[in-house]
Amino acid sequence: MLPNAGFTSFSGDVELGYHGEAWHSLWDVKKSSPIFLELQTNLYSIPLSVNRKISLVGSALIVTDEVTNLSPQRIEFLWGHHPAFSDLLIDSSSEVRIKAKVLSTARSTLSNASSDTPPVFVTYDKDIILSNIWKEPYSYLGYISEFESGQASIINHNKQLQLVLSWDLSVFPFAWLWIENMQISEDPWRNKIRTLAIEPCSTTTNMGLLASKKSSGNTITLGTHESKQTQIRVEVSTLNIEKGETIEACA
């Protein structure tokens, strides 16, 4: 999600589309191998260059992004990632733990089917905990803050797997929690989609860049030709079910 996150917004007179531009841009492949990929693109809505490196290191998938201001002026923008997980990983045995204290609800980009209150399957025990997510049809978008660390884990006891998502809180101090369980009838969901997304983001609102500037100031700022680099990481391991401990890494 770059250079906008959430609703369509503006930077000066330039319209920034829903979730920005980078997700639907053409990217040049600079380097590639079975375990490494380097990509590059220049945005048109805001003068940013993005260099992305995707590496598979053991059982970890690591995405390293570097964003550079190509202009002679200071610019502000929003930045986020959109990791989403399906019911191939999440089932009735799965537990999601997010290293944060606060989950709040604000205006949602989802349909009228979306709930305005946190799901009943959310509990708090130092972490934010989600379990039995697919019990009934449900749509929800919430905003997570006050992180202990930039980390969330999904443990699937049936498959003896643990997935850990981690990110840099200095760039992404918030995360969006999106749950869709066969509730939204509009395209492309059609009451068929099950997904849970934990989305590290620079802002706590999905109202777009202008709203972020006015309400909270949670934007990324780069000076003339300045760059900022950050990393997001997903690692999978097997689980000792009896002890609830990770015992062996797996690709």
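Over the Cα atoms of the stretch 12-52, what Rg and Dmax result, in angstrom?
12.4, 42
Report the calculated FRET efficiency for residue 129 and residue 61 (r = Cβ-Cβ distance, R0 = 25 Å), to the nearest 0.05.
0.55
How would the chain be classified by its alpha-carbon gyration tensor: rounded, prolate or oblate, with rounded meaning a/c under 1.5 and the a/b versus b/c comparison settling the rest?
Since a/c reaches 1.5 but b/c is at least a/b, the shape of the chain is classed as oblate.
Listing 169, 88 from the residue with the fewest other Cβ atoms within 10 Å to the one with the most, what is the order? All intermediate terms of the calculation are to be shown ahead of the outcome.
Numbers: 169 18, 88 9.
Fewest-to-most Cβ neighbours within 10 Å comes out as 88, 169.
Tell me which of 22, 221, 182 sits at the most positive position along the dipole axis of the chain, charges placed on C-beta atoms (Lys, Arg +1; Asp, Glu -1).
Projecting each Cα onto the dipole axis, the largest value belongs to 221.
Please give the calculated 222 nm ellipticity per residue for the chain, where each DSSP H segment of at least 4 residues contributes -39500 (n - 2.57) and the sum is spread over every residue; nearest 500 deg cm²/dmol?
The helix-only estimate for the chain comes to -500 deg cm²/dmol at 222 nm.
Quick check on the stretch 1-146: take the gyration tensor over C-alpha atoms, sort the square-rooted eigenvalues as a ≥ b ≥ c, and tell me if it's rounded (a/c under 1.5), prolate or oblate.
oblate
Count the lysine pairs in the chain whose Cα atoms sit under 13 Å apart, keeping only pairs 8 or more residues apart in sequence or on different chains.
Here the count comes out as 4.
Using the reciprocal of the averaged 1/r over all distinct C-alpha pairs, how large is the Kirkwood radius of the stretch 125-180 in Å?
Kirkwood hydrodynamic radius for the stretch 125-180: 13.0 Å.
I want the local charge near residue 119. Using Cβ-Cβ distances under 10 Å, sum +1 for each Lys or Arg and -1 for each Asp or Glu among the other residues.
Taking every other residue near residue 119 into account, the sum is 0.
So how far apart, in nm, are the two label points at residue 102 and residue 228 if each is 7 Å from Cα heading toward Cβ?
2.0
Using 0.36 nm times the number of residues separating residue 44 and residue 187, minus their current alpha carbon distance, what extension gain do you get?
This chain segment gains 48.7 nm when fully extended.
Could you list 143, 18 so that the one with the fewest beta carbons within 10 Å of its beta carbon is first and the one with the most is last? Please report the intermediate quantities before stating the final value.
Values: 143 19, 18 16.
Sorted ascending by nearby Cβ count, the order is 18, 143.
What does the convex hull of the Cα atoms come to per residue for the stretch 81-201, in Å³?
Given the Cα convex hull of the stretch 81-201, per-residue volume reads 98 Å³.
Arrange 65, 127, 28 by Cβ neighbour counts within 10 Å, fewest through most, would you? Kindly include the intermediate steps, with their values, before the conclusion.
Details: 65 20, 127 17, 28 9.
Ascending Cβ contact count within 10 Å gives the list 28, 127, 65.
Which log10 I(q)/I(0) values does the stretch 1-69 give at q = 0.15, 0.17, 0.21, 0.25 Å⁻¹ under the Debye formula, counting every alpha carbon as one identical point scatterer?
Rounded to two decimals, the profile gives -0.54, -0.66, -0.87, -1.06.
Bear in mind these aren't lab numbers, they're just calculated from the coordinates by the rules spelled out. Just so it is clear, the structure is predicted and the values come from calculations on it, not from any experiment. Cβ coordinates were reconstructed from backbone atoms using ideal geometry, including for glycine residues, and neighbour counts include every protein chain displayed.
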